[in-house]
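Throughout, read-outs are computed from the coordinates displayed, never taken from laboratory work. These numbers come from a predicted model, not from an experiment. All Cβ positions, even for glycine, are placed from backbone atoms using ideal geometry, and neighbour counts span all protein chains on display.
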Amino acid sequence: MKKYNVVGHSVRRLDAAEKATGTAMFSTDFTLPGMLYGKVLRSPYAHAKIVNIDTTEAEKLPGVKAVTTYRNTPREIFNTSATMTFTVPALKPVLDQYIFDNVVRYVGDEVAAVAAVSEEIAEEALQLIKVEYEELPTVFDPLEAMKPEAPVIHADCGEGKNIPGEIIKIPVGDLKKGFEECDVIIEKRFLLPIVKQVQMETQAAVAQVGVDGKITVWSTTQTPHPTRMIIAKIFGVPNSKIRVLNPPYVGGGFGVRIGLSAKAEPIAVALAMQAGKPVKIVYSRKEDFIASDTRHGGYVTVKLGAKKDGTFHALDLRAALNGGAYCSFSTETPGVLGAMGLSVYRIPNQSYFGHSVYTNTTPAGAMRGFGNPQAMFPIESVVDMLAEELGMDPLELRLKNIMKVGDPWCLPYPCNSTGLAECIEKGAKSIGWERRGRLNQPGAKKLRGIGVGVGTHCSNSWPFCVDYDNAIVTVQQDGSIHLASGVPDIGTGTSTALPQLAAEVLGVKLEEVSLTFGDTLSTPFDIGSHASRTCYAAGTAVVAAAKDARKQLLEYAGDFLKVSPERLEIKDSLIYITGQELVGDCAGTGVCQSGEERKSVTLQELAYHAHLRNKQFIGVGRIVPENAPPWHAHFAEVEVDTETGQVKVIKVVAAHDVGKAINPIIVEGQIEGGVLQGVGYAVTEEIRYDAKGRQLHNSLHKYMLLTAEDVPEIEAILIEANEPSGPFGAKGVGEAGLVPTAGAISNAVYNATGLRFYDIPLTEEKVFKALKGDGPATY
Amino acid sequence: MSAKILTFTLNGETTKVMVEPSDMLVDVLRDKLNLIGVKKGCGQGECGACTVIMNGEAVTSCIVPAMKAEGAVVETVEGIGGPGKYHPLQESFMDLGAIQCGFCTPGMIMSAKALLDQNEQPTREEIREAISGNICRCTGYVKIEEAVSAAAKQIKEGK
């Protein structure tokens, strides 16, 4: 494999020092002179009409500078998600939210907001707002919400009762005939839980409105440029008069702020406009739980048929997800669920039918994996059931059916690379797959089991959503490099990986490159950080911009050295003529005599030479990314305590085809973090609602996150099946660690206990009840 | 009770600041003393992002009334090292991939420092226990545990 100077090296992150010393600035740290503090009044009811709202007393409270409700804010309809306010034709945007409305549709829905000189006064003012509600009927289950007698949550639903946007239908081959030709068919319905991103920094924004009407918003968004467009639409202000930026760090994302940071940005702007002063809004942890997007829970049905020899022949996949009270990503998420669920195995006859349903719960939106984990826990469970029915080893069955390069599939881009077979082989070796079935002594009370789950994902969202990137590389007058990209760094290492790509292309050391990112004013449009796309897609734009700058440099250097540019190479900021001895050359010594024959020139000398002749080298990258599938196989070893029902995950081996690891230690970190989120999804994490629609798990104390003491051994294995469309062969990785984990763990629990679960998380209570004779619940 | 001047030792310096009885230590450190390395992730002592060391013990400063710090010795991440003289924990966090979004990092480092200040050779279980009150949603804790372990080794060898 080709060796690079910067790419492929686990260099220290460029943001590490700031973050390790406490000097890294996040939105929640940001302050401005004269800044006010905003607080939001939220609905105590899951569904109600606001009959009257009286803010008089709140306005009178000393220190209160602005009070906003649906009556004095723009009546402009939008969608908080980056993709849905301006979606790809011929899809029609689903717009169903205002900053404030006169109907509330979930517990936590925004009713009013106050800006005051302190958080305490703002809180006090909220208590003085008198709201008269008329309660409306509620519904919390997606299947119930489709019934004729269910309350209407949003009226404008063309595809069916309470169904936002379009039903996603993906037909391949002839499903009916396909099943008729199968020897074995298994069909099961699964129930998926609602879970939360729980990024460490809660939703936050600081808004400033200048006397000239220009708006600046510092916020936690994962997508500054699209967020600017949404704010422009809401307030009727031109894009060019709005600046959205991260300050520059964002305390995690995992999808929760692709677009607006819940409603932190528009509420802060509305308050700042009214108060004439900057306003800061920081969601409390409880607000973050109840009033910012969750992952979609819901129902997924898998019907899989195969021939006697194990060849998959037909797959019918159906999903009805709980979309919550507003659309957000509720049309795209079921789309990804279907598109990814149908693309792991080569199956000639397939169908997907999936959608979300409005209910009176917290809106569901994007969360790491984006529908894919909801597809793969059910699919990988059924694949294992089919293996047992056929009497085949689950690995053998998978290896027989997984997608190969060039296979036809439903996705509108080719499968150019797959290292999945290698992932399966290496992962199986590491977990000790051959120990399976020989793990337990007769009569043991703690039972061990090993399971597998596999999957794929995307490397951006094109052509399903608008998805493009720009980047600018400017060679400074001293030969150092400035790079501008509009993506943020939400913790995934973008602000290190992108400079690594530029440094490699330009032949300079990493420390020569500095990056401006996450700011609409100083970077060209970039869709942002989502869909495992940042390194792959923004990286492609960076490589294009760096190549453009490199071309200009070499042309200029060709004239300077009086050789053809094709003969030139750059290393460590030195441009030299390939194949010639460099010894004795005067470049960089500062003592070149005029007329001396030059064999090389430093970037520093060349850039300054150009500067004295009124020229700067500026490389521009403007790309629409292709797309590419990352692949992964996870192996889990679990121990089930038959006396308590506790499922302890002992080890997870996560083998990932990442194309090419630009910075391996960062890639490992992405996988390890994704795996632990996947373990939480499988075993502990869940948000439930009471009969009034109130979240029962609305704090870190109640929501069962895994801690350092609960971490299984996690082994990340990197497979590099070079992806021709990606920068230096890279493809997406960010979300993949979460995708196959729950399937692998549930299959391991089956291997240990013989109990097949159709829902997660596999809590002690659930497993205990199943072990004690009730058996696992069915749906 | 009314507002009073709190006097305590902060990162080695005697510090005086006016506090209200209702003020929590995290807000005094962040808002009045501008130490933004003390992060606020939940305000309920449940996430550990605001962890500082008070009189040698790691505490979640969001549930410590500021007035409790009267006469105390308080250390924050800003006080333990910087360019040219990083604390071994800062070095190992930077080198071993223990930092992602960075929001938990200062609190995580302070919990780990409180451990290493008292225990030069912690076991894996002791490391895990020491940071079990610090939530990290990015790393899966794998590289954090490795970094604490490496720092312990480095501190011991450096003596």
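3J(HN,Hα) along the range A:557-572, derived from phi through the Karplus expression 6.51 cos²θ - 1.76 cosθ + 1.60 where θ = phi - 60°, amounts to 5, x, 5, 5, 8, 6, 9, 5, x, 4, 8, 9, 9, 10, 9, 6 Hz, with x in place of Gly and Pro.
Could you tell me whether the range A:635-719 comes out rounded, prolate or oblate from its Cα gyration tensor? Rule is a ≥ b ≥ c as square roots of the eigenvalues, rounded for a/c under 1.5, then prolate if a/b exceeds b/c, otherwise oblate.
In terms of gyration-tensor shape, oblate.
Computed 3J(HN,Hα) for the range A:173-185, one whole-Hz value per residue from the Karplus formula 6.51 cos²θ - 1.76 cosθ + 1.60 where θ = phi - 60°, is x, 10, 5, 4, 5, x, 5, 4, 8, 7, 8, 10, 9, glycine and proline marked x. Residues A:His296, A:His530, arranged from fewest to most other Cβ atoms within 10 angstrom of their Cβ, appear as A:His530, A:His296. In a solvent-free Debye calculation with one equal scatterer on each Cα, what is log10 I(q)/I(0) for the range A:691-749 at q = 0.17, 0.25, 0.27 Å⁻¹, listed in the order of the q values? Taking Cα atoms of the range A:691-749 as identical point scatterers yields -0.89, -1.16, -1.20. Only lysines eight or more places from A:Lys130 in sequence, or on another chain, were considered; those with a Cα closer than 16 Å are A:Lys39, A:Lys49, A:Lys60.
In straight-distance terms, cross-link reach from A:Lys599 covers every one of the aspartates and glutamates whose alpha-carbon lies under 17 Å from its own, apart from those fewer than eight places away in the same chain; here that gives A:Glu555, A:Asp559, A:Glu566, A:Glu569, A:Asp572, A:Glu581, A:Asp585. Taking each of A:Lys286/B:Lys32; A:Lys429/A:Lys651; A:Lys307/A:Lys400; B:Lys4/B:Lys40 in turn, the alpha-carbon distance tops 21 angstrom for A:Lys286/B:Lys32; B:Lys4/B:Lys40. Going by neighbour counts of Cβ atoms within 10 Å, the residues A:Phe140, A:Phe78, B:Phe93 line up, fewest first, as A:Phe140, A:Phe78, B:Phe93. So which GluC sites (Glu not before Pro) in the range B:33-94 are both in a DSSP loop and have at most 14 other Cβ atoms within 10 Å of their Cβ? Those that pass, being in a loop and sparsely packed, are B:Glu70.
For A:Asn440, the amide hydrogen comes within under 5 Å of no other amide hydrogen, counting only partners 5 or more places away or on other chains and with H modelled in the peptide plane. Only beta bridges with both residues in chain A are counted; by DSSP, about 75 percent of them are antiparallel. With both labels modelled 7 Å from their Cα along Cα-to-Cβ, the A:Glu149 to A:Arg435 distance reads 5.4 nm. Amide H contacts for A:Tyr326 (H built 1.01 Å from N in the peptide plane; partners 5 or more residues away or on another chain; cut-off under 5 Å): A:Ala364. Size estimate for the range A:91-239 follows the Kirkwood approach: the inverse of mean 1/r over distinct Cα pairs works out to 20.9 Å. Under the combined filter of DSSP loop state and at most 10 neighbouring Cβ atoms within 10 Å, the range A:544-579 retains these trypsin sites (Lys or Arg not before Pro): A:Lys562.
Suppose we keep just the DSSP beta bridges with both residues in the range A:468-623; what percent of those would be antiparallel, to 5? Walk me through the intermediate numbers first.
Details: 18 of 23 bridges.
Taking every DSSP beta bridge within the range A:468-623, about 80 percent pair in antiparallel fashion.
Note on chain B: Rg/Rh from C-alpha atoms, Kirkwood Rh, equals 0.98. Straight Cα distances below 21 angstrom link B:Lys85 to the lysines A:Lys19, B:Lys113, B:Lys153, B:Lys156, B:Lys159, with same-chain residues fewer than 8 positions distant left out.
Classify chain A as rounded, prolate or oblate from the Cα gyration tensor: take a ≥ b ≥ c as the square roots of its eigenvalues, call it rounded if a/c is under 1.5, otherwise prolate when a/b beats b/c and oblate if not.
Details: a/c = 1.95, a/b = 1.14, b/c = 1.71.
It is oblate, given that a/c is not under 1.5 and a/b is not larger than b/c.
Mean residue ellipticity at 222 nm from the helices of the protein assembly as shown, using -39,500 (n - 2.57) per DSSP H segment of n ≥ 4 over the full residue count, to the nearest 500 deg cm²/dmol?
Dividing the helical sum by the residues of the protein assembly as shown leaves -7500 deg cm²/dmol.
Put simply, the convex hull of the Cα atoms in the range A:200-255 casts, on average, a shadow of 3.9 nm². Mean projection of the Cα convex hull over all viewing directions, computed for the range B:88-158: 4.0 nm².
When Rg and the Kirkwood radius Rh are both evaluated on Cα atoms of the range A:468-623, their ratio Rg/Rh stands at 1.03. Amide hydrogen proximity for B:Leu6: with H placed 1.01 Å from N in the peptide plane, the residues at 5 or more positions away or on another chain lying under 5 Å are B:Val17, B:Met18, B:Val19. This model, with +1 at the C-beta of Lys and Arg and -1 at the C-beta of Asp and Glu, gives the range A:468-623 a dipole about its Cα centre of some 300 debye. As a proxy for reagent exposure, A:Val103, A:Val6 were ordered by neighbouring Cβ count within 10 angstrom, fewest first; the result is A:Val103, A:Val6. Which of the trypsin sites (Lys or Arg not before Pro) found in the range A:308-406 are in a DSSP loop and have at most 13 neighbouring Cβ atoms, other than their own, within 10 Å? Of the trypsin sites (Lys or Arg not before Pro), the ones in loops of the range A:308-406 whose Cβ has at most 13 other Cβ atoms within 10 Å are A:Lys308, A:Lys404. Stokes-Einstein diffusion for the range A:306-427 at 20 °C, viscosity 1.002 mPa s, with a Kirkwood radius from C-alpha pairs, works out to 137 µm²/s.
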